[in-house]
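K.L.:
Following this message is one structure expressed as structure tokens.
The values are calculated or read from the model by the stated rules, or taken from the named source; none is laboratory data. Please read all numbers here as calculations on a predicted model, not as lab measurements. Because the Cβ atoms are built from the backbone with ideal geometry, glycine has one as well, and the counts that use them run over all protein chains shown.
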Amino acid sequence: MGRWGNVPLQQPRWLSGVVENFLFNGIILGWFALQNIFINEKFYCWNPEPKEGIPFVTKEEILVSLAANKTGTVCDFEYQMNKLVKVFQLATAIMPVSTFFLGLIQAVTGMFYMRLALHVIMLSAIGFLFIAEPVTMDYCIMIGSILMAIAGLNLAISNYSMSCLSGASSGMVMALLCGGFDESSAMGQIFIRSIKVLVTII
């Protein structure tokens, strides 16, 4: 059995899997915290469809109003909430379906190349969320959320195979991997807290 100092080689492998599951793979499950970020950043505020009894606001007008921090008078909160709910529904609906197709691809490419591709997808998801701009690039929130859901679940599934390498400890390793994935939903709240602390310090 391979060794890394006095530690079995598989131990740092499944430990890295637990850390990965916690930090990244289940973030989409903490949608409430992520949704609060998107609401505060004014995504999906502009409703392109006129509503009866409500003056229609053009995209240019809402951009000026948002820049002046006059959100209360221009943001269609009902439209905003409906769109964010649809983003979550679409992301979580695609997430389990993706496992079937990516499983077929993995049978051909192998685990290493599939995990490499999934990490690229996760980085792409973070990139879309990073470049998203309210009103003009709201669609980046949907794309980023879908990619994050696909990469997260499939990376978590690929980590579960590590429990088979742990012998008598396989049950404990599986429990830790599953726990890390479930608790990853807290990462959204951790991000919010971290951002508030950084803003306070700066």
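K.L.:
Look at residue 188 and say whether it is in contact with a Gly (Cβ under 7 Å, 6 or more places away or on another chain), part of a helix (DSSP H, G or I), modelled with pLDDT under 90 and not polar (S, T, N, Q). Quick ask: steps written out before the conclusion?
P.N.:
Values: in contact with a Gly (Cβ under 7 Å, 6 or more places away or on another chain): yes; part of a helix (DSSP H, G or I): yes; modelled with pLDDT under 90: yes; not polar (S, T, N, Q): yes.
Against the criterion (in contact with a Gly (Cβ under 7 Å, 6 or more places away or on another chain), part of a helix (DSSP H, G or I), modelled with pLDDT under 90 and not polar (S, T, N, Q)), residue 188 qualifies.
K.L.:
Sticking with this one: Please work out if residue 73 is modelled with pLDDT under 75, over 20 Å from residue 190 (Cα atoms), assigned to a helix (DSSP H, G or I) and of a type in the set (Ser, Thr, Tyr).
P.N.:
yes
K.L.:
Report every pair of residues separated by at least 6 positions or lying on different chains whose Cβ atoms are under 7 Å apart, first residue within the stretch 135-163 and under 29 Å from residue 46 (Cβ atoms), second hydroxyl-bearing (Ser, Thr, Tyr) and surrounded by fewer than 21 Cβ atoms within 10 Å (Cβ to Cβ).
P.N.:
Here the result reads 147/124; 149/92; 150/98, each pair linking the stretch 135-163 to a residue that is hydroxyl-bearing (Ser, Thr, Tyr) and surrounded by fewer than 21 Cβ atoms within 10 Å (Cβ to Cβ).
K.L.:
Here's another thing I want to ask about it. Filtering the stretch 108-134 down to residues that are in a loop (DSSP other than H, G, I, E, B) and in contact (Cβ under 8 Å) with a residue 24 or more places away in the chain, which residue is nearest to residue 43 (Cα to Cα)?
P.N.:
134
K.L.:
With the condition kept exactly as written, say whether any residue in the stretch 93-110 is at pLDDT 80 or above, surrounded by fewer than 19 Cβ atoms within 10 Å (Cβ to Cβ) and either of a type in the set (Asp, Glu) or touching a Leu at 6+ places or on another chain (Cβ under 6 Å) (or both).
P.N.:
Checked against the condition, which is being at pLDDT 80 or above, surrounded by fewer than 19 Cβ atoms within 10 Å (Cβ to Cβ) and either of a type in the set (Asp, Glu) or touching a Leu at 6+ places or on another chain (Cβ under 6 Å) (or both), the stretch 93-110 yields no hits at all.
K.L.:
Residues in the stretch 150-159: is at least one over 18 Å from residue 24 (Cβ atoms) and in a helix (DSSP H, G or I)?
P.N.:
Let us first name the residues in the stretch 150-159 that are over 18 Å from residue 24 (Cβ atoms), namely none.
Checked the stretch 150-159: no residue is over 18 Å from residue 24 (Cβ atoms) and in a helix (DSSP H, G or I).
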